[in-house]
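What follows is a short report on a single structure.
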Amino acid sequence: MMDCCGLHRTGLLSRRGLMRTLGLGGAAMACTAVARPVWAEAATHAPVPAGVVAPHGCDVLLLTCMDFRLQNETVAYMDRRGLRDNYDHVVLAGASLGVLTQERPDWGLTFWDHLDTAIKLHGIRKVMVIDHLDCGAYKVFVGEAVMKDPAAELVAHGQRLRLLRSAINVQNAMLEVELGIMALDGTVQTVT
C-alpha cells in the first residue's frame, strides 16, 4: 500500500488532496514520509553561492505572524529566552499556516528560500515557529467558526505547526524545530 506522500509524488494525489489527507481540511491519514512540499521545490531564486558565509552568524530562524498586536511581545519573548541579536526573523501572515496555505503558495516559497539562506549565511541550527491565538489569517483560510472555539483553535494551530515541523525535518534533519502558540498577553504555550 502506498502512503499519501507516495501518492502525491506519483501525481495520483494533488497538493490539495495531500493537504486534506494530512488533516488540513479533511480526513486524517497517517503519512509515513513527508516529501518536501511542491511549492518548495518550485523555487526560482538564485542560490547563495557556495562558500559565501557572512562574518557573523546566529543560532535561530524565527517564523511568526505579521500581527501588529504581538510585535513587542515577540521581541520580549525572544529576549527572555536569551536570544537577543541571535535570530533571523521571517514574518508571514499565519506563521505556520502562511507556509502551508494553498491559497498563497508564494508565501511557502518565501519561507523555504529564507530558511535556505539563513542556513547558508548564518549557520542557524534551530527553527522556532510561533503561531498566535486570535489570528486573522487562520480566520480567513481555516474559517471563523473554528477559531471561535478555543479547543478547535488550538487543534488547528497544532496540526499546522506539526506538519511544518515534519516538512522542515525532511528538508534538513540536522535542524532542531521548536513550536509554540502565543496568547495575546505574550505568553507562549509549547507544542510538542
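A few remarks follow.
- Using 0.36 nm per residue and subtracting the Cα-Cα separation, the extra length available between Lys139 and Asn172 on full extension is 8.8 nm.
- Gain on full extension, evaluated as 0.36 nm per residue between His89 and Ala151 minus their Cα-Cα distance, stands at 19.5 nm.
- For Leu63, the residues whose amide H sits under 5 Å from its own are Val90, Met128, Val129, Ile130, ignoring neighbours fewer than 5 places away on the same chain, with H placed 1.01 Å from N.
- Among beta bridges identified by DSSP and lying wholly in the stretch 50-192, the antiparallel ones come to about 20 percent.
- For the stretch 71-128: relative contact order, % (alpha-carbon pairs under 8 angstrom, 6 or more apart): 18 percent
- Bridgeable lysines around Lys139 (alpha carbons under 27 Å apart, same-chain partners fewer than 8 residues away excluded): Lys148.
- Taken one residue at a time, the phi angles of the stretch 56-62 give Karplus couplings (6.51, -1.76, 1.60, θ = phi - 60°) of 9, x, 8, 8, 10, 10, 9 Hz. Gly and Pro are set to x.
- Of the peptides 108-114, 73-79, 149-155, the order by per-residue mean of other Cβ atoms within 10 Å, starting with the highest, comes out as 108-114, 73-79, 149-155.
- Convex hull of the stretch 53-191 built on C-alpha atoms - directionally averaged projected area, nm²: 7.9 nm²
- Derived scalar couplings between HN and Hα for the stretch 72-81 equal 5, 5, 5, 4, 4, 5, 5, 4, 4, 7 Hz in order, rounded to whole Hz, by the Karplus curve 6.51 cos²θ - 1.76 cosθ + 1.60 (θ = phi - 60°), x for Gly and Pro.
- Note, ³J(HN,Hα) from phi for the stretch 120-128, Karplus 6.51, -1.76, 1.60, rounded to Hz, x at Gly and Pro: 5, 8, 10, x, 4, 10, 8, 10, 10
A short reminder: the numbers here are calculations on the coordinates, not readings from a lab. If you're wondering where the values come from, they're calculated on a predicted model, not measured in any experiment. Methodologically, a virtual Cβ is constructed for each residue, glycine included, from the backbone with ideal geometry; neighbour enumeration extends over all protein chains shown.
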